[in-house]
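Note sheet for the following structure.
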Amino acid sequence: MYSTGWVGMGFSKDGFMVGSSAMVGWMGKTGLPHIKQFSLGGKTPTQVVADRGFLVSSDHGAHTVLVQQAKIYLAFQLRFTEPLKQQNVLLAFGPAIPVNYRLSEHQDKTSIKFDFTTGSSSSGSSFPEGLKRTHGALNLFAWGVLLPIGAIVARYCRRWDPLWFYLHAGIQFVGFILGLAGIVAGVSLYNKIQANVPAHRGLGIFVLVLGILQILAFFLRPKKDSKYRKFWNWYHHWVGRLALFFAAINIVLGIKVGGAGNSWKIGYGFNLAILLITIITLEVLLWTRWKNNSSSTTTY
């Protein structure tokens, strides 16, 4: 822990940061100690507000911040309406001294459940983190891997009729089911942590609607000799492409707002690069074949 940053101890009703209150202390540049309560209304700096929160101080004179051997120690007294038993406690520290009582993003954090009756503690629940990974992994694999592969099969493998159709339909169906499971995990995660990610949620809903429309279109597909078939083809192709395009954007956005590590970024970036290289290569081959077929059928 660094002596030039801040340390904080938060009290949470549900074990999560948003909605909790924290006592934060740091040593100022002039050597004067500072300790303030912060209301953690969200995950952005503007939503972390000083001198707000549900904690009640018993005596401001009892609050102190001490730096010793490059470590910051924080001490304070609070009043509660009844004796504490088990309490969700958040611990975090940041590397920078707050400016105008604006906290920098924490460098590390953890949560524990402290039993004040016995003095023992246990690690906070890992359920939300596991659910977040499940949500991300399912949607990345479904919308970022399987469904693009199914679309590639439909465009570039039509020479192998009707195999391409069964492969396309099967891959897209499995991909949609996995994506739907990922969305269910996302809804459960949102209900658990109430994350403030309107863009990610909005794009997710939009992509889901497009996916449902594609499933419905499959069952409403006109026959090949129908005069409406060309319009259905146009609709099916472009709605599918639109869904995959916005799904890719939302995956990137989800990796960012979810605070995923570099392994997620590198992994999806590598996957996206492989897909793009494959599509470009197959598209060039397809146009070359069309051009050759057109030249061979031209009469003079």
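The values are calculated or read from the model by the stated rules, or taken from the named source; none is laboratory data. Just so you know, these numbers come straight off a predicted model, no measurement behind them. Neighbour counts run over all protein chains shown; Cβ positions are idealised from the backbone, glycine included.
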Checklist entry - Filtering the range 64-83 down to residues that are among the polar types (S, T, N, Q) and outside any strand (DSSP E or B), which residue is nearest to Gly5 (Cα to Cα)? => result Gln69
Checklist entry - Does the range 153-176 hold any residues that are surrounded by 13 or more Cβ atoms within 10 Å (Cβ to Cβ) and either of a type outside the set (Phe, Trp, Tyr) or not assigned by TED's automatic domain parsing to the domain that holds Arg289 (or both), and which are they? => result Val153, Ala154, Arg155, Cys157, Arg158, Leu167, His168, Ala169, Ile171, Gln172, Val174, Gly175
Checklist outcome for this item: Within the range 86-104, the residues that are exposed (fewer than 13 other Cβ atoms within 10 Å of the Cβ) and either under 23 Å from the mean Cα position of the chain (by Cα) or in a loop (DSSP other than H, G, I, E, B) (or both) are Asn100
Item to check | Criterion: modelled with pLDDT of 90 or more, surrounded by 15 or more Cβ atoms within 10 Å (Cβ to Cβ) and under 17 Å from Ala151 (Cα atoms) - qualifying residue of Leu244, Leu253, Leu216 | outcome: Leu244
Next on the checklist: Just to verify a result, which residue in the range 38-61, among those that are in a strand (DSSP E or B) and modelled with pLDDT of 85 or more, is farthest from Tyr101 (Cα to Cα)?
Outcome noted: Val56
Checklist entry - Filtering the range 1-16 down to residues that are modelled with pLDDT of 90 or more and of a type in the set (A, V, I, L, M, F, W, C), which residue is farthest from Lys113 (Cα to Cα)? => result Trp6
Checklist outcome for this item: Restricted to the range 17-37 and to residues being loosely packed, with under 14 Cβ neighbours inside 10 Å and small (Gly, Ala, Ser), the residue modelled with the highest pLDDT is Gly28
Checklist entry - Among the residues of the range 69-85 satisfying the criterion of being at pLDDT 85 or above and among the polar types (S, T, N, Q), which is surrounded by the fewest Cβ atoms within 10 Å (Cβ to Cβ)? => result Thr81
